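Below is one structure, written out as structure tokens; the observations come after it.
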Amino acid sequence: MHKDIATPVRTKQILEKYGFSFKKSLGQNFLIDTNILRNIVDAAEVTEETAAIEIGPGIGALTEQIAKRAGQVIAFEIDQRLLPILAETLEPYNNIKIIHEDILKADVPKVLKEELKPYSELKVIANLPYYVTTPIIMKLLSEDLPLQSITVMLQKEVADRMTAKPGTKDYGSLSIAVQYYTNAETVMIVPKTVFVPQPNVDSAVIRLTVRKGRAVTVLDEEFFFSVVRASFAQRRKTILNNLSTNLPNGKVEKDSILEALQMAQIDPKRRGETLSIEEFGFLSDTLYKLLN
Ligand code: SAM
């Protein structure tokens, strides 16, 4: 019986056997702590009824821990050099499918249609490549996949922004984009020492539980997000000034913005960072009706 892939000794043996050199440009920091990996799988609440999507299996450290508990794992890996390694390390498991594709270019619904067995729940679990954490999460959320949750390791700084509440320094358009689709929480903070090579930044695991609907129902999603982005464009400015200058369709008359703020009962002197998602929803709908 082999030791777990993630043990430091086994990881070293595998990397040496294949003469593998890490590519920083692909965010390759592999986990070498089995306890942390088990904690991630625990946090995702994986059972035999779970089909898991993993992004970036690396040499299979997390994939193995998921496969021991899930019904099925579908893992997307961009780096061709890892394919023969994964074929060897994951050979004992018959419930894993490795897809050699860039997750950002992959047609995930098509892959799911072809590969997904009839399970009752679909979850994303990953130690993400840090150079693309936000695009990956936003792609998965906006594609309307039948996902229950996303449990992922990422930079602590990004985790703080995704889970931030109104009135805090980390709260911004990323918090709203993520919380529009999910309930976001930090599950654990992870030290640098559990990776090879060690990353330069601190890490955290977050769990995003996908909402049945959206946090707010709005008339026009695109307009809602443009109002949110414009409101945070210059953090020290008031919502009135930000919206008057930063909406993408050019300058909107200050009077119209003022009228919408008054109708939405939002003090024009407030800053974007103090508005809840519901307030942004109401404001965006009020302004949308005024302008259309
Ligand atoms: N899961 C492994 C672990 O925890 O040890 C490796 C995690 S490592 C942080 C990120 C992995 O994502 C690497 O294997 C890397 O090659 C892969 N990767 C990077 N960019 C990717 C992309 N766009 N699509 C799919 N995989 C990617």
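When segment 29-57 is filtered for residues that are within 17 Å of the chain's Cα centre (by Cα) and closer than 21 Å to Arg81 by Cα, the ones remaining, listed by number, are Ile53, Glu54, Ile55, Gly56, Pro57.
Among the residues of segment 234-248, the one identified as surrounded by 18 or more Cβ atoms within 10 Å (Cβ to Cβ) and in a loop (DSSP other than H, G, I, E, B) is Leu247.
Checking Pro135, Pro166 one by one, the residue that is surrounded by fewer than 20 Cβ atoms within 10 Å (Cβ to Cβ) and in contact with a Ser or Thr (Cβ under 9 Å, 6 or more places away or on another chain) is Pro166 and no other. Here Ile36, Ile40, Ile32, Ile59 are screened, and the one residue that is β-branched (Val, Ile, Thr), touching a Pro at 6+ places or on another chain (Cβ under 6 Å) and under 22 Å from Asn200 (Cβ atoms) is Ile32. Are any of the residues in segment 150-160 in contact with an Asp or Glu (Cβ under 7 Å, 6 or more places away or on another chain), aliphatic (A, V, I, L, M) and under 22 Å from Pro129 (Cα atoms)? Within segment 150-160, none of the residues are in contact with an Asp or Glu (Cβ under 7 Å, 6 or more places away or on another chain), aliphatic (A, V, I, L, M) and under 22 Å from Pro129 (Cα atoms).
Among the numbered conditions (1) at pLDDT 95 or above; (2) farther than 30 Å from Glu185 by Cα; (3) assigned to a loop (DSSP other than H, G, I, E, B), tell me where Lys251 comes up short. Exception for Lys251: condition (1). Put simply, of Thr47, Thr34, Thr7, Thr11 the only residue that is closer than 24 Å to Thr186 by Cβ and surrounded by 15 or more Cβ atoms within 10 Å (Cβ to Cβ) is Thr34.
Can you find a residue that is among the small types (Gly, Ala, Ser) and touching a strand residue (DSSP E or B) at 6+ places or on another chain (Cβ under 6 Å) anywhere in segment 241-248?
No, that holds for no residue.
Mind checking which residues of segment 100-138 are more than 9 Å from the ligand (Cβ to nearest atom) and either in contact with a Pro (Cβ under 6 Å, 6 or more places away or on another chain) or among the small types (Gly, Ala, Ser) (or both)? Passing the criteria: Ser120, Leu122.
Regarding Lys17, is this residue away from the ligand (no atom under 12 Å from the Cβ), without any contact (Cβ under 8 Å) to a residue 24 or more places away in the chain and basic (Lys, Arg)? For Lys17, the condition - away from the ligand (no atom under 12 Å from the Cβ), without any contact (Cβ under 8 Å) to a residue 24 or more places away in the chain and basic (Lys, Arg) - is met.
In segment 78-99, the qualifying residues are those that are in a loop (DSSP other than H, G, I, E, B) and free of Cβ contacts under 8 Å to residues at least 24 places away in the same chain, and the one that is farthest from the ligand (Cβ to nearest atom) is Asn94. Residues of segment 122-159 that are under 17 Å from Glu185 (Cβ atoms) and among the basic types (Lys, Arg): Lys123, Lys156. All but one of (1) farther than 26 Å from Leu145 by Cα; (2) assigned to a helix (DSSP H, G or I); (3) among the hydrophobic types (A, V, I, L, M, F, W, C) hold for Ile66; which doesn't? Among (1) farther than 26 Å from Leu145 by Cα; (2) assigned to a helix (DSSP H, G or I); (3) among the hydrophobic types (A, V, I, L, M, F, W, C), Ile66 violates only (1).
If the condition is being more than 20 Å from Ile206 (Cβ to Cβ) and in contact with a helix residue (DSSP H, G or I) (Cβ under 6 Å, 6 or more places away or on another chain), then segment 15-29 contributes only Tyr18. Filtered by the rule that a residue be within 13 Å of the ligand (Cβ to nearest atom) and either outside any loop (DSSP other than H, G, I, E, B) or touching a residue at least 60 places away in the same chain (Cβ under 8 Å) (or both), segment 43-62 gives Ala52, Ile53, Glu54, Ile55, Gly56, Gly58, Ala61, Leu62. Within segment 146-155, the set of residues being within 16 Å of the ligand (Cβ to nearest atom) and either closer than 20 Å to Arg38 by Cβ or surrounded by fewer than 17 Cβ atoms within 10 Å (Cβ to Cβ) (or both) comprises Ile150, Thr151, Val152, Met153, Leu154.
So, of the residues in segment 157-183 that are in contact with a Lys or Arg (Cβ under 8 Å, 6 or more places away or on another chain) and small (Gly, Ala, Ser), which turns out to be nearest to Val227 (Cα to Cα)?
The selected residue is Ser173.
Among the conditions (1) within 20 Å of Pro146 (Cβ to Cβ); (2) crowded, with 23+ Cβ neighbours inside 10 Å; (3) more than 8 Å from the ligand (Cβ to nearest atom), Ile40 misses just one, which is (1).
The values are calculated or read from the model by the stated rules, or taken from the named source; none is laboratory data. Keep in mind that what you see is a predicted model, and the values were worked out from it rather than measured. Using ideal geometry, Cβ is built from the backbone for each residue, glycine included, and neighbour counts are taken over all protein chains shown.
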